[in-house]
Amino acid sequence: QVQLVESGGGLVQPGGSLRLSCAASGSIFNIYTMGWYRQAPGKLRELVAVITSGGTTNYADSVKGRFTITRDNAKNTVYLQMNSLKAEDTAVYYCKVNLQIGPASVLENYWGQGTQVAVSS
């Protein structure tokens, strides 16, 4: 069993910052890609940022230069530092982790429960 626990969401004023965390625990053999997605009301879930096990990152154009994704492999945790937040960043943010639970198991995707980020004055 694998659990993903997210934290760090909240209400912030435009121009402010938040840091999201997502910690994976349980029966984990190896973690590959970790990422953050978001879903605003009435919209589809979209990619925000991803980071590979080697540290390669990719960002949505809308957050480039404002958001930074990092990971701590020793803690099985991925972070999303969000700066210069805008109203349009308001959404529920989900982490997704691509991992193996055993050396012979297939790669599987696990999702966090979501954390609300609201940007408003």
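The residues listed here are S84, S27; of these, the one that is modelled with pLDDT of 95 or more, in contact with a Gly (Cβ under 8 Å, 6 or more places away or on another chain) and of a type in the set (G, A, S) is S84.
Just checking, does the stretch 95-107 include any residue being outside any loop (DSSP other than H, G, I, E, B), surrounded by 14 or more Cβ atoms within 10 Å (Cβ to Cβ) and more than 14 Å from the chain's Cα centre (by Cα)? Looking for residues that are outside any loop (DSSP other than H, G, I, E, B), surrounded by 14 or more Cβ atoms within 10 Å (Cβ to Cβ) and more than 14 Å from the chain's Cα centre (by Cα), one finds at least one in the stretch 95-107, hence yes. Scan the stretch 98-113 for residues that are closer than 30 Å to P14 by Cβ and either in contact with a Lys or Arg (Cβ under 9 Å, 6 or more places away or on another chain) or of a type in the set (A, V, I, L, M, F, W, C) (or both) and the total you get is 2. Quick check on the stretch 82-93. Is at least one of its residues of a type in the set (D, E, K, R), in a loop (DSSP other than H, G, I, E, B) and closer than 28 Å to S120 by Cβ? Within the stretch 82-93 (the criterion being of a type in the set (D, E, K, R), in a loop (DSSP other than H, G, I, E, B) and closer than 28 Å to S120 by Cβ), the answer is yes, since at least one residue qualifies.
The values are calculated or read from the model by the stated rules, or taken from the named source; none is laboratory data. Quantities reported herein were computed from a predicted structural model and do not represent experimental measurements. Positions of Cβ are backbone-derived with ideal geometry, glycine not excepted, and every protein chain shown enters the neighbour counts.
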